[in-house]
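The next block holds one structure in the form of structure tokens; read it before the comments.
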Amino acid sequence: MDQADKLRKMVKEQATPRRVARVITVTSGKGGVGKSSISVNLAIALSRIGNRVIILDADFGLANIEVMLGIRPQYNLADLMFRGKTLTDIITSGPENIGFISGGSGIQELTNLTRDQIVYLIQKLVELDEKADIIIVDTGAGIADSVLEFVAASSEVLLVATPEPTSITDAYALLKTLNRKTDVSLEDTVIKMVANRIDTYEDGKELYDKLSLVVSKFLKLKLEYLGALPQDSVVSKAVMKQKPAIVLYPNSHFSKTLTSFANILCENKDVNTESKKGIAQLFTNLLRSRIKK
């Protein structure tokens, strides 16, 4: 059996019943809207209600996750693929039982993998599905190919936007570009918007309504509303201290709202079991064009 046959067999095996993690991809149309802060604090909120959570930092240009946690990982995804490290080696322990994996240069180098490396990577990511209940993928911001590919390969996406006009237009630009991708099917992709740094919860709903209106009118995408996060000074204070806000300020409006988001996301976890594809399937989708060769 050659490598192409092995890859096809692995894709077919994704359809067989096995335990898979729920993958939530967090993205935004522009940088500086609080995407990584939401990823980190949401991970802890999900961990507190009994989930095994791992964050994959897929923003290879910046190291926001490790900066916010104040932890420098010894190894990253590139070490798994190219330097013989195991999956356990590259998972760094974070606060309150969460783990995180630094993408490092490994995300950028995905397009250069040999078939042997693709086989190895997907086999290891099947192991990651076994180690976590929920995997949060923190993408880069904007409409770069690396961001769009992760979003397009995901079945569950959180889109973060703020009331700033540029944030709204950039969020729509991301959705518009995603909608134009002809090589992926988005029928099963659930995109939930998070309105961040708003003054009132009504403002958050108004922000969603504006974006949803143009999306429903011009795009073939489904946009849902998760909720709004208030403008809260504790977030910037926590970033300066390199500790998650939900740990330092558990009674803040921000922390309480993130906790409610975690509960909402987990309310219907059993209902959507069939739609869960796991992190191995996400990367299989990312690399599908190479698997078909």
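The values are calculated or read from the model by the stated rules, or taken from the named source; none is laboratory data. Note that the structure is predicted; figures quoted are calculated from it, not measured. Note that we place each Cβ from the backbone using ideal geometry, even for glycine, and neighbour counts take in every protein chain shown.
For the stretch 149-174, give me each residue that is aliphatic (A, V, I, L, M) and within 12 Å of Leu286 (Cα to Cα).
Of the residues in the stretch 149-174, the ones aliphatic (A, V, I, L, M) are 151-153, 157-161, 168, 171, 173-174.
Matches in the stretch 149-174: Val151, Ala152, Ala153.
Output the residues belonging to the stretch 124-148 that are more than 17 Å from Ile54 (Cβ to Cβ) and touching a residue at least 40 places away in the same chain (Cβ under 8 Å).
Taking the stretch 124-148 as the starting set, the residues that turn out to be more than 17 Å from Ile54 (Cβ to Cβ) are 140-148.
Matches in the stretch 124-148: Gly140, Ala141, Gly142, Ile143, Ser146, Val147.
Which helices (runs of 4 or more DSSP H) does the stretch 197-248 wholly contain that include 1 or more residues that are aromatic (Phe, Trp, Tyr) and over 18 Å from Ser39 (Cα atoms)?
Values: elements: 201-218, 233-241, 245-248.
Of the helices (runs of 4 or more DSSP H) lying wholly inside the stretch 197-248, those with at least 1 residues that are aromatic (Phe, Trp, Tyr) and over 18 Å from Ser39 (Cα atoms) span 201-218.
Considering only the stretch 184-217, how many residues are polar (S, T, N, Q) and touching a Phe, Trp or Tyr at 6+ places or on another chain (Cβ under 9 Å)?
Residues of the stretch 184-217 polar (S, T, N, Q): 185, 189, 196, 200, 212, 216.
Of the ones still in play, those that are also touching a Phe, Trp or Tyr at 6+ places or on another chain (Cβ under 9 Å) are 212.
Looking only at that region, the number is 1.
Give the residue that is modelled with the highest pLDDT, with candidates limited to residues of the stretch 259-293 that are part of a helix (DSSP H, G or I) and farther than 16 Å from Ile134 by Cα.
Step one: list which residues in the stretch 259-293 are part of a helix (DSSP H, G or I), which gives 259-267, 273-275, 278-286, 288-291.
Going one step further and asking which of them are farther than 16 Å from Ile134 by Cα, we end up with 260, 284-286, 288-291.
Values: Ser260: 97, Thr284: 81, Asn285: 77, Leu286: 75, Arg288: 69, Ser289: 57, Arg290: 58, Ile291: 58.
The residue in question is Ser260.
Of the residues in the stretch 43-65, how many are buried (at least 19 other Cβ atoms within 10 Å of the Cβ) and either of a type in the set (Asp, Glu) or modelled with pLDDT under 85 (or both)?
Initially, the stretch 43-65 is screened for residues buried (at least 19 other Cβ atoms within 10 Å of the Cβ), giving 43-47, 51, 53-60, 64-65.
From the residues that got through so far, the ones that are either of a type in the set (Asp, Glu) or modelled with pLDDT under 85 (or both) too are 57-60, 64.
Residues in the stretch 43-65 being buried (at least 19 other Cβ atoms within 10 Å of the Cβ) and either of a type in the set (Asp, Glu) or modelled with pLDDT under 85 (or both): 5 in total.
Taking Val40 as meeting all but one of (1) in contact with a Pro (Cβ under 7 Å, 6 or more places away or on another chain); (2) within 25 Å of Thr284 (Cβ to Cβ); (3) buried (at least 24 other Cβ atoms within 10 Å of the Cβ); (4) β-branched (Val, Ile, Thr), write down the number of the exception.
(2) is the only condition that Val40 fails.
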